[in-house]
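**Student:** Below: one structure in structure tokens.
What follows draws every value from the coordinates through simple rules; no lab data is involved. Just so we're clear, the structure is a prediction, and the values are computed from it rather than from any experiment. Backbone-built Cβ (ideal geometry, glycine too); neighbour counts: all protein chains shown.
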Amino acid sequence: MTTAPALTPIFDDLRLLPIRDKVERGERLFGEVATVLDAQLHGKQWVLGGTLTLADLALSAPLTVTEPANLPLSSYSNIQSWLGRMQKLDAWKKTTV
């Protein structure tokens with residue numbers, strides 16, 4: 001794998017970790033990011049307030065794998081509600097197989 005020089009140490013470190021350590025690291029990082037997003041969504045319909053924006057689309061796209069990846073969303077009620085609203089959008093429905 002060829003990576004940008006600045007990213008090489010990150011990928012080299014990941015290659016050396018046993019798989020369980022990689023999973024635990026990923027779960028920890030997910031939790032950190034999910035905590036921030038959940039707080040941002042508190043009291044809001046959409047990421048930036050009352051209107052759907054590109055931010056909602058960009059942030060929700062990676063969450064399409066939460067179920068198959070078994071990511072722990074149960075602790076993040078604001079994300080769950082927001083993701084539910086995203087999944088009800090006609091545009092979202094047209095992109096899922």
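**Student:** Return the ratio Rg/(2.2 N^0.38 Å) for the range 18-95, where Rg is computed over Cα atoms only. Walk me through the intermediate numbers first.
**Tutor:** Details: Rg = 13.2 Å, N = 78, 2.2 N^0.38 = 11.5 Å.
Ratio of Cα Rg to 2.2 N^0.38 Å: 1.15.
**Student:** Okay, next question. Quick one: E67, E27, fewest Cβ neighbours within 10 Å first, how do they rank?
**Tutor:** E67, E27
**Student:** Between E32 and W46, what is 0.36 nm times their sequence separation minus the Cα-Cα distance? Round to one decimal in nm.
**Tutor:** Additional length available on full extension: 3.1 nm.
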